[in-house]
Amino acid sequence: MTIIGFFFISMGVVAFLISAIGLLRMPDVYTRMHVGAKSPTVGTLFVIIGTIFIEPAWALKLILLATFILLTNPLSSSVIARASHKSGMRLQDDDCVDALNRSKEESK
Amino acid sequence: MFEAVVMVLLFSMFLILIRFLKGPTLSDRVVAFDALSVISVSVLVILALYFERSIYLDVALVFGVIGFLGTTIFGRFIEKGI
């Protein structure tokens with residue numbers, strides 16, 4: 001049980017490392033948001049699953065914590081994306097399609 | 001085993017802290033802050049596992065709530081100002 005738990009915890013920590021490297025390497029706010037919101041969520045879920053395998057008595061609190069992380073983290077990243085788009089930050093490439101900007105212009 | 005896990009965690013927190021200090025705009029810093037607060041939750045879970053005390057899980061839950069509120073309030077600050 002302990003070995004399985006540490007395997008899951010190691011997978012979560014590797015997800016954190018990928019997230020950190022991506023935050024340094026990505027060129028744009030929105031791509032940084034993509035890598036800085038999703039992979040820490042996955043890493044925290046893996047760490048919590050591994051902790052459930054090591055200490056099964058704490059399962060209730062840990063499942064509560066995992067549910068909370070899974071509900072609130074996409075919400076907060078969505079709030080940041082909406083706020084930075086409204087404050088006038090544009091995408092990196094000129095070629096790509098900005099659908100939110102286009103729908104705003106059509107509604108005018 | 002704990003030492004290797006904590007070393008990799010501290011290294012990734014250090015890399016995110018570089019982005020937090022360097023980030024060109026305010027949104028980059030807020031994204032880095034969000035990632036740091038989520039990673040701190042799992043640091044607290046590993047700390048509870050190391051000291052074998054389940055009281056740290058309550059601290060992790062409260063820290064998750066506070067981090068979510070902080071990120072949301074920063075989003076409002078980017079959008080409208082104070």
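Odds and ends about this structure:
- Assessment of segment A:43-58 against the conditions (farther than 15 Å from B:VAL31 by Cα, among the aromatic types (Phe, Trp, Tyr) and at pLDDT below 90) yields at least one matching residue.
- Considering segment A:65-78, and only residues there that are more than 7 Å from every other protein chain (Cβ to nearest Cβ) and of a type in the set (A, V, I, L, M, F, W, C), the residue that is surrounded by the most Cβ atoms within 10 Å (Cβ to Cβ) turns out to be A:ALA66.
- In segment A:60-100, the residues that are touching a residue at least 24 places away in the same chain (Cβ under 8 Å) and either aliphatic (A, V, I, L, M) or farther than 20 Å from A:GLY36 by Cβ (or both): A:ILE69, A:LEU70, A:ILE80, A:ALA81, A:MET89, A:LEU91
- B:GLU52 meets each of the listed conditions (1) on the phi > 0 side of the Ramachandran plot; (2) within 7 Å of another protein chain (Cβ to nearest Cβ) apart from (2).
- Residue-level analysis places A:ILE4 among those that are farther than 20 Å from A:ASN73 by Cα and of a type in the set (A, V, I, L, M).
- Selection count where residues are touching a residue at least 24 places away in the same chain (Cβ under 8 Å) and more than 18 Å from A:LEU45 (Cβ to Cβ), scope segment A:15-35: 6
- Of all the criteria given as (1) surrounded by 21 or more Cβ atoms within 10 Å (Cβ to Cβ); (2) among the acidic types (Asp, Glu); (3) under 24 Å from A:ALA66 (Cα atoms), the one not satisfied by B:ASP28 is (3).
- Selection over segment B:25-49 of residues that are under 22 Å from B:ILE73 (Cβ atoms) and more than 7 Å from every other protein chain (Cβ to nearest Cβ) gives a count of 7.
The values are calculated or read from the model by the stated rules, or taken from the named source; none is laboratory data. None of the values given here were measured: they were computed from a predicted structure. Cβ atoms come from the backbone with ideal geometry, glycine included; neighbour counts cover every protein chain shown.
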